[in-house]
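Handing you a structure now.
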Amino acid sequence: MAAVGTLSRVARWGACNVIGRSRRLIFNRIQKRGIAASIDPSIGLTDEQKEFQKVAFDFAANEMAPHMAEWDQKEMFPVETMRKAAQLGFGGIYVQPDVGGSGLSRLDTSVIFEALSTGCVSTTAYISIHNMCAWMIDTFGNAEQREKYCPDLCTMEKFASYCLTEPGSGSDAASLLTTAKREGDHYILNGSKAFISGGGDTDVYIVMCRTGGKGPKGISCLVLEKGTPGLSFGKKEKKVGWNSQPTRAVIFEDCAVPVANRLGEEGQGFNIAMKGLNGGRINIASCSLGAAHACVQLARDHLCVRKQFGETLANNQFLQFKLAEMATKLVASRLLVREAARALQENRPDAVSLCSMAKLFVTDECFTVCNQALQMHGGYGYLKDYAVQQFVRDIRVHQILEGTNEVMRMIIARSLLTES
């Protein structure tokens, strides 16, 4: 059954049974006040989008936020929680319904990821990567490939990883060295990938590899399954944040991959990778939005209860101004992400630049918001008992992955100079 139907029914059910309860987040044992109208993320959305958003907020508050610290500290990959999210339609949000997806728009997807990230950025970020992989198969795969992989990915019965970055090719992705030499009806894959989210724990790997000459036109895209002879994994990396998802190197040693597992044509891989990343940049920016939204509320509530010099911090004009700046950065970021999502959905000529602008601006500004929220908490903000420090740690990497923010500046500048 298409997950979009599930989303619609769950939204209606949730409004009566679950969302009727407060969907306000509880962190640091402080009861949250209502969301101020000035930062309300539901403003401007359709009624249907508000329903999806409520379902996501409720899931974040009840299924993710209570476990966020434990997943981080114990480095747990919350498989069952993610499968619960998939039951709500969050395993293939923008995958077509005929293969089990929800068939929603890029804007809908951004709204959902922002809401989920208020409960756990790290877990939501992995879900966003999984969604990108499922979309790539749905969009560039043939009918057989779509039927084979997408249904299990949409239910999260199987999990996916995106394999582009290599030890020697990060920002310069077109210089990748992993090779796939064709021998009959198979490719023989050799090389390695670095910093792969879910690596070792996931089931399906979308691999960019070199089937031709140097440069982007020599790159193709293969789908590789866990258990393939010659596929192995490096040690689990110890990271500052994103600890609820494992990160490992993915290693290929004479892996025989059927030609039937190639997405698109030979030489189309780099184009597939970049199209995936355009959406990935909106997704990761949306995850930063959720963290910033949660941190603005945390900071506001802390200012209202913390007393120094005989009065609450909320009476301090300097902190009032800082809070106002944080709220302004949050709302400006949200507007830019949503405009970029619309541009990508409509395949507008400014879509690539807007996705890059959104990723650059939003991940930078939302990190500033979260970091300022930590500062407002004083010494308490540096304790792992308080959620604000985890938001800071989890979103720091958003300025690096899906194309560093320096590369985003290059893309934006290139579009300006080329068009002029």
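List the lysines whose Cα lies under 21 Å from the Cα of LYS384, skipping any in the same chain that are fewer than 8 positions away.
Reachable lysines: LYS32, LYS74, LYS238, LYS239.
Relative contact order of segment 270-418: what whole-number percent is it, with Cα pairs under 8 angstrom and at least 6 residues apart? Please report the intermediate quantities before stating the final value.
Details: 169 pairs, mean separation 46.8, N = 149.
Once normalised by length, the contact order is 31 percent.
With runs of 4+ DSSP H residues as the only contributors, calculate the mean residue ellipticity of the chain at 222 nm using -39,500 (n - 2.57) per run, divided by the residue total and rounded to the nearest 500. All intermediate terms of the calculation are to be shown ahead of the outcome.
Details: 12 runs with 205 residues, N = 420.
Calculated from helices alone, the mean residue ellipticity at 222 nm is -16500 deg cm²/dmol.
Order the following by accessible area, largest value first: PHE233, PHE391. Probe radius 1.4 Å; ligands, DNA and RNA are ignored. Mind showing how you got there, number by number?
On the way: PHE233 60, PHE391 0 Å².
Largest accessible area first, the residues go PHE233, PHE391.
Another question, if that's okay. Nearest 10 degrees is fine. How inclined is helix 121-140 to the longest principal axis of the chain, computing both from alpha carbons?
In the chain, helix 121-140 runs at an angle near 40 degrees to the longest axis.
Would you work out which of HIS302, LEU416, TYR187 lies farthest towards the positive end of the dipole of the chain? Charges go on Cβ: Lys and Arg +1, Asp and Glu -1.
HIS302
Can you tell me the relative contact order of segment 36-155? Whole percent, Cα pairs under 8 Å, sequence separation 6 or more. Let's see the in-between values first.
Details: 133 pairs, mean separation 35.7, N = 120.
RCO, segment 36-155: 30 percent.
OK, next. Need one word for segment 36-155: rounded, prolate or oblate. Basis is the Cα gyration tensor (sqrt eigenvalues a ≥ b ≥ c); a/c below 1.5 gives rounded, then a/b vs b/c decides.
Because a/c hits 1.5 or more and a/b fails to exceed b/c, segment 36-155 counts as oblate.
With both bridge residues required to lie in the chain, what share of the DSSP beta bridges run antiparallel, to the nearest 5%?
Details: 30 of 35 bridges.
Around 85 percent antiparallel, to the nearest 5.
At 1.4 Å probe size, with the rest of the protein present, what percent of the exposed accessible area of the chain is carbon and sulfur atoms?
Values: 9310 of 17360 Å².
The C+S portion of the solvent-accessible surface of the chain is 54 percent.
Looking at segment 160-265, send over the antiparallel percent of its DSSP beta bridges, to the nearest 5. The partial results should precede the final answer.
Values: 27 of 32 bridges.
Of all bridge pairs located within segment 160-265, approximately 85 percent are antiparallel.
Let me ask something additional. State, as an integer percentage, the relative contact order of the chain based on alpha-carbon contacts under 8 Å between residues 6 or more apart. Intermediate results must be reported in sequence, preceding the final value.
Values: 804 pairs, mean separation 66.2, N = 420.
Answer for the chain is 16 percent.
Have a look at PHE77, LEU104, THR312 and report the one farthest towards the positive end of the charge dipole of the chain, computed about the Cα centre with Cβ charges (Lys/Arg +1, Asp/Glu -1).
The residue sitting farthest along the positive end of the dipole is THR312.
Straight-line reach from LYS329: which lysines have a Cα under 20 Å away, not including same-chain ones fewer than 8 places off?
Straight-line reach from LYS329, under 20 Å: LYS359.
The values are calculated or read from the model by the stated rules, or taken from the named source; none is laboratory data. As the structure is a prediction and not an experimental result, all values here were calculated from the model. Positions of Cβ are backbone-derived with ideal geometry, glycine not excepted, and every protein chain shown enters the neighbour counts. Quick note on the areas: whole protein, heavy atoms, side chains included, nothing else; ligands and nucleic acids left out. Shrake-Rupley method; radii C 1.70, N 1.55, O 1.52, S 1.80 Å.
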